[in-house]
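First comes the structure, then the notes that go with it.
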Amino acid sequence: MTDQIRSVDRLDLLAAETTEGPQELRPREEISPDEIGREIGAVLRLQGLNLDPNAIDIENPDDERMIINMGPSHPSTHGVLRLMLELDGEYVMRTKTIIGYLHTGMEKTAETLSYVQGGTNVTRMDYLSPIGNETAYSLAVESLLGIAIPVRATWIRMMMNELNRIASHLVWMATNGMDVGSTSMMIYGLRERELILAFYEKTAGLRMNLNYVRPGGVAADLPDGWEDDIALLCDSIYERTFEYDQLLTGQPIFRERMIGVAPITAEEALALGLTGPLLRSTGVAWDLRRSMPYLAYDEVEFDVIVGTYGDNFDRYAIRLNEIRESIRIVRQCLEKMPAGDYRSQDPKVTPPPRARIGESMEALIHHFKLFTEGFHVPAGETYVGIESPRGEIGCYLVADGGAKPYRMHTRAPSFTNLQAVPLLLRGGTLSDTVTVISTVDPVMGEVDR
Amino acid sequence: MIERPALMPDDVVLTEGTSCDGVFFASPANYFAAVTALKADGFEQCLDVLGVDYLEYAERALPEGIAATRFEVVANFLSLSRVKRVRVRVQAGNEAPQVDSLFALYPSVEGAEREVFDMFGVLFDGHPDLTRILMPEDWEGHPLRKDYGTGRVPVQFKEGPGPR
């Protein structure tokens with residue numbers, strides 16, 4: 001019996017429970033050249049290059065190479081990303097990302113929750129941009145329901161989405177600063193984000209995982225005096241973005257870590273399915289807000305920021321400038337915010353006002369039905385994709401006519417963007433690995449779902 | 001709705017779909033040819049591949065001539081040059097679902113196809129590394145199948161028997 005207890009004497013038992021087996025990166029001796037070629041970068045095959053993977057990397061004898069683990073609980077992996085790196089000295093030869101450490105079966109959970117409850121589930125996927133998840137989900141449900149959303153609700157959604165983009169990029173600026181050794185940026189980024197979270201709390205009652213955008217509109221109207229809050233927030237964050245410029249953009253050490261590190265071409269980016277800042281950094285001006293406008297993005301002015309070289313610095317500059325563009329959009333929302341309802345008045349999807357419940361039997365029944373059974377969505381399937389801070393977040397929904405989704409799938413931008421990591425890391429140094437993971441900006445909650 | 005691509009196999013059915021410019025219905029036999037035609041037609045990106053298990057909803061609406069199977073694989077495509085979005089729905093099979101992998105056309109599907117394999121047990125012919133991605137390697141079963149139980153925590157009512 002005792003020999004079955006995991007201990008230092010029985011390392012094989014330990015290994016059996018911690019290993020991912022075939023998911024891991026294996027030594028070159030054990031795998032075929034094809035597989036090495038793929039791990040070096042699948043897209044190389046697209047370009048028609050007939051590389052012999054054994055021929056390119058060998059400068060030193062094989063015994064110099066080693067495979068090491070980075071993560072899953074490494075501070076620079078932003079969660080529980082595990083990288084297996086084949087190192088030649090300090091240089092990264094091959095990489096494999098191993099994910100799943102944060103898998104909580106949210107897609108399965110979604111099948112057991114009604115459409116009303118679904119928002120609480122999706123909001124926890126990409127926990128840095130909850131509004132983006134909720135918007136994609138709500139738009140998908142609404143496209144099947146075929147209900148019209150009041151104009152004000154659309155504008156509130158748009159404003160909250162942009163605030164979310166600012167908050168998400170600020171966290172990115174903060175953690176990226178941390179990764180390159182600028183701990184002061186960490187503090188500043190989170191300080192500014194706090195302004196937005198405070199506004200969220202005032203509006204929705206929660207700071208993160210808001211469940212604010214719901215099928216049919218938003219959960220609550222903007223609070224009294226929101227104009228002043230937003231104006232103050234825009235002004236202070238806009239000013240401070242120029243302080244980041246001083247702190248980071250012109251900083252020689254920062255530039256050394258960023259410029260020319262881990263470039264990617266537009267062709268590779270498209271082949272790897274990259275979206276968002278990663279795709280735009282290669283010069284492809286693709287932003288769903290501009291290209292396939294949803295909400296009211298065709299009524300506001302903003303610039304799509306694109307890069308040129310697809311390197312770390314371009315990805316940094318795009319995010320910094322997107323903060324400024326988002327502030328521009330938020331200011332226009334402030335000016336143009338229409339009056340009216342903040343949610344649809346369709347009694348099928350929207351609960352009756354509290355005052356009506358006390359006096360109307362029908363309102364009471366509607367309220368009860370809505371929060372016990374939920375509303376029924378006509379049968380069909382749909383896919384709605386919107387621009388989250390990390391790229392295209394999409395929601396695929398199959399409805400069977402009942403009150404729960406038959407199947408809900410989220411197209412997570414981080415999941416796909418993560419596939420670029422082996423290509424980006426190849427040939428770089430181990431210290432660059434940290435900045436590359438950072439500029440890819442994966443959120444593991446969304447990768448693993 | 002988009003026009004039918006020139007190279008699209010004849011037995012692939014094109015219909016209108018919700019929030020997109022067209023839905024193609026394919027079978028495992030013509031799936032790869034259909035996607036090849038889409039790629040030639042200017043769809044640069046394959047955004048996603050996902051699976052659906054229609055075990056409890058077999059009576060879903062399908063166009064004429066498409067025989068429903070239990071598993072369906074859905075692939076989303078985006079054309080940046082034409083600003084179009086389409087999806088391909090493949091009837092993947094009942095007992096041992098198997099379709100061609102799109103890896104040779106779109107390397108972006110590497111992770112997504114592994115996820116579908118992991119969650120539904122759909123085999124992708126030609127995928128270079130079909131291993132589990134989210135679940136541990138020694139996991140049994142495919143969690144997103146409809147006959148895979150979710151488990152539950154019993155709710156205790158006042159009159160119900162207590163835990164002791």
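For region B:8-23, what does the Karplus curve 6.51 cos²θ - 1.76 cosθ + 1.60, with θ = phi - 60°, yield as ³J(HN,Hα) per residue in whole Hz, taken in order and with x for Gly and Pro?
Each residue of region B:8-23 in turn: 5, x, 5, 8, 8, 9, 10, 10, 7, x, 6, 6, 7, 9, x, 10 Hz.
Report relative contact order for region A:365-449 in percent, whole number only (criteria: Cα-Cα under 8 Å, sequence separation at least 6).
Values: 113 pairs, mean separation 18.7, N = 85.
In percent, rounded to a whole number, it is 22.
Across peptide A:377-386, how many C-beta atoms of other chains are within 10 Å of each residue C-beta, on average?
On the way: counts 0, 1, 4, 4, 12, 5, 13, 4, 7, 0.
Counting other chains' Cβ atoms within 10 Å and averaging over A:377-386 gives 5.
So what is the accessible area of chain A per residue, in Å², with the probe set to 1.4 Å?
Details: 17590 Å² over 449 residues.
In whole numbers, chain A has 39 Å² accessible per residue.
Positive end of the charge dipole of chain A (Lys, Arg +1 and Asp, Glu -1 on Cβ, about the Cα centre): tell me which of A:ALA219, A:PHE371, A:ALA269 has its Cα farthest that way.
Selected residue: A:PHE371.
Could you tell me which GluC sites (Glu not before Pro) in region A:274-360 are loop residues by DSSP with no more than 16 other beta carbons within 10 angstrom of their beta carbon? Walk me through the intermediate numbers first.
Numbers: sites: A:GLU299, A:GLU301, A:GLU322, A:GLU325, A:GLU335, A:GLU359; in loops: A:GLU301, A:GLU359.
Sparse-neighbourhood loop GluC sites (Glu not before Pro): A:GLU301, A:GLU359.
If I take R0 = 51 Å and measure r between the Cβ atoms of A:ILE253 and A:ASP224 in this structure, what FRET efficiency does the formula 1/(1 + (r/R0)^6) give, to the nearest 0.05?
Working: r = 46 Å, r/R0 = 0.91.
Efficiency computed from Cβ-Cβ geometry: 0.65.
With a 1.4 Å probe and every protein chain kept in, tell me what percent of the accessible surface of chain B is carbon plus sulfur.
After summing per-atom areas, the C and S share lands at 52 percent.
Could you tell me which of rounded, prolate or oblate describes chain A, using a ≥ b ≥ c as the square roots of the eigenvalues of the alpha-carbon gyration tensor, with rounded for a/c under 1.5 and, failing that, prolate when a/b is larger than b/c and oblate otherwise? Provide the component values of the computation, followed by the final result.
On the way: a/c = 2.08, a/b = 1.50, b/c = 1.39.
In terms of gyration-tensor shape, prolate.
Normalised by the residues of chain B, what does the relative contact order come to in percent, with Cα pairs under 8 Å and at least six apart?
Working: 292 pairs, mean separation 32.2, N = 164.
For chain B, the relative contact order is 20 percent.
Angle between the Cα long axis of helix B:109-120 and the longest principal axis of chain B, 0 to 90 degrees, nearest 10?
With both axes taken from Cα atoms, the answer is about 40 degrees.
Under 5 Å between amide H atoms, partner at least 5 residues away or on a different chain: which partners does A:THR275 have, H built in plane at 1.01 Å?
Here the answer is A:GLU392, since their amide H atoms fall under 5 Å of that of A:THR275.
Taking the Cα centre of region B:1-91 as origin, work out the dipole magnitude from +1 charges on Lys and Arg Cβ and -1 charges on Asp and Glu Cβ, in debye rounded to 20.
Values: 9 positive and 13 negative charges, 50 e Å.
The calculation lands at about 240 debye.
Against the longest principal axis of chain B, how steep is helix B:31-40, in degrees 0 to 90 to the nearest 10, with axes from Cα atoms?
Long axis of B:31-40 versus the principal axis of chain B: about 50 degrees.
Set Lys and Arg Cβ to +1 and Asp and Glu Cβ to -1, take the dipole of chain A about its Cα centre, and tell me which of A:THR282, A:THR95, A:THR123 lies farthest positive.
Going by the Cα projections, it comes out as A:THR123.
What is the helix-to-structure angle for A:312-336, meaning the angle in degrees between its Cα long axis and the longest Cα principal axis of chain A, kept from 0 to 90 and rounded to the nearest 10?
Rounded to the nearest ten degrees, it is 0.
Over chain A, what relative contact order in percent results from Cα pairs under 8 Å that are six or more residues apart? Before the final figure, lay out each step's value.
Details: 799 pairs, mean separation 102.9, N = 449.
23 percent.
Starting from the 7 Å offset along Cα-to-Cβ, what nm value, one decimal, do you get for the label separation of A:THR112 and B:VAL83?
The modelled label-to-label distance comes out at 4.3 nm.
Pull out the extension gain between A:GLN246 and A:ALA231, defined as 0.36 nm times the separation in residues minus the alpha carbon to alpha carbon distance; nm, one decimal. Working shown, then result.
Details: separation 15, 0.36 × 15 = 5.40 nm, distance 2.37 nm.
Contour length minus Cα-Cα distance gives 3.0 nm.
Check each residue of region A:399-423 and keep those whose accessible area, probe 1.4 Å, is at least 10 Å² smaller with all protein chains in place than in the chain alone; give them in order of residue number.
A:ASP400, A:TYR406, A:ARG407, A:HIS409, A:ARG411, A:PHE415, A:THR416, A:GLN419
Using each residue's phi in region A:198-205, evaluate 6.51 cos²θ - 1.76 cosθ + 1.60 at θ = phi - 60° and report the 3J(HN,Hα) Karplus result to the nearest Hz, with x for Gly and Pro.
5, 5, 4, 5, 5, 7, 9, x
Only sites in a loop by DSSP and with at most 13 other Cβ atoms within 10 Å count here; which GluC sites (Glu not before Pro) in region B:1-94 make the cut? Don't skip to the end; give the middle numbers.
On the way: sites: B:GLU3, B:GLU16, B:GLU44, B:GLU56, B:GLU59, B:GLU64, B:GLU72; in loops: B:GLU3, B:GLU16, B:GLU44, B:GLU56, B:GLU59, B:GLU64.
Listed in order of number, the matching sites are B:GLU3, B:GLU16, B:GLU56, B:GLU59, B:GLU64.
Round to the nearest 0.05 the FRET efficiency obtained for A:GLU362 and A:ASP341 when R0 = 25 Å and r is the Cβ-Cβ distance. Working shown, then result.
On the way: r = 20 Å, r/R0 = 0.79.
Given R0 = 25 Å and the Cβ-Cβ separation, E is 0.80.
Hey, can you find the accessible area per residue of chain B for me, probe 1.4 Å, expressed in square angstrom? Mind showing how you got there, number by number?
Working: 7340 Å² over 164 residues.
So chain B comes to 45 Å² accessible per residue, rounded to a whole number.
Extending each Cα 7 Å along its Cβ direction at A:GLU24 and A:GLU201, get the distance between those two points in nm, one decimal.
Roughly 4.4 nm, to one decimal.
Are there chymotrypsin sites (Phe, Trp or Tyr not before Pro) in region B:35-143 that DSSP marks as loop and that have at most 14 other Cβ atoms within 10 Å, and which are they? Mind dumping the intermediate values first?
On the way: sites: B:PHE43, B:TYR54, B:TYR57, B:PHE71, B:PHE77, B:PHE103, B:PHE117, B:PHE120, B:PHE124, B:TRP139; in loops: B:PHE43, B:TYR54, B:TYR57, B:PHE103, B:TRP139.
Passing both the DSSP loop test and the Cβ count: B:TRP139.
Once label points are set 7 Å from the Cα along Cα→Cβ at both B:VAL13 and A:GLU239, what is their separation, rounded to one decimal in nm?
6.3
Based on the alpha-carbon gyration tensor of region B:1-127 and its eigenvalue square roots a ≥ b ≥ c, which shape applies: rounded if a/c is under 1.5, prolate if not and a/b is larger than b/c, or oblate? Numbers along the way, then the final one.
Details: a/c = 1.66, a/b = 1.20, b/c = 1.39.
Taking the square roots of the gyration eigenvalues as a ≥ b ≥ c, region B:1-127 is oblate.
Note the buried accessible area between B and A here, summed over both chains, with a 1.4 Å probe, in Å² to the nearest 100.
Numbers: alone 9460 and 19690 Å², together 24920 Å².
Approximately 4200 Å² gets buried when B meets A.
Counting only other residues whose beta carbon sits under 13 Å from that of B:VAL74, what net charge do I get with K and R as +1, D and E as -1? Please list the in-between numbers first.
Numbers: positive: A:ARG407, A:ARG411, B:ARG60, B:ARG85, B:ARG87, B:ARG89; negative: A:GLU381, B:ASP48, B:ASP53, B:GLU72, B:GLU113, B:GLU115.
With Lys, Arg at +1 and Asp, Glu at -1, the net is 0.
For A:ASN209, what charge total do you get from the other residues with a beta carbon under 10 Å from its beta carbon, if Lys and Arg give +1 and Asp and Glu give -1?
Working: positive: A:ARG124, A:ARG207; negative: A:GLU134.
Net charge around A:ASN209: +1.
The values are calculated or read from the model by the stated rules, or taken from the named source; none is laboratory data. Just so it is clear, the model here is predicted, and its values are computed rather than measured. A quick note on method: Cβ atoms are made from the backbone with ideal geometry, for glycine too, and the neighbour counts reach across all protein chains shown. For the accessible areas, the whole protein counts, side chains as well, though only heavy atoms, and no ligand, DNA or RNA atoms are used. Shrake-Rupley method; radii C 1.70, N 1.55, O 1.52, S 1.80 Å.
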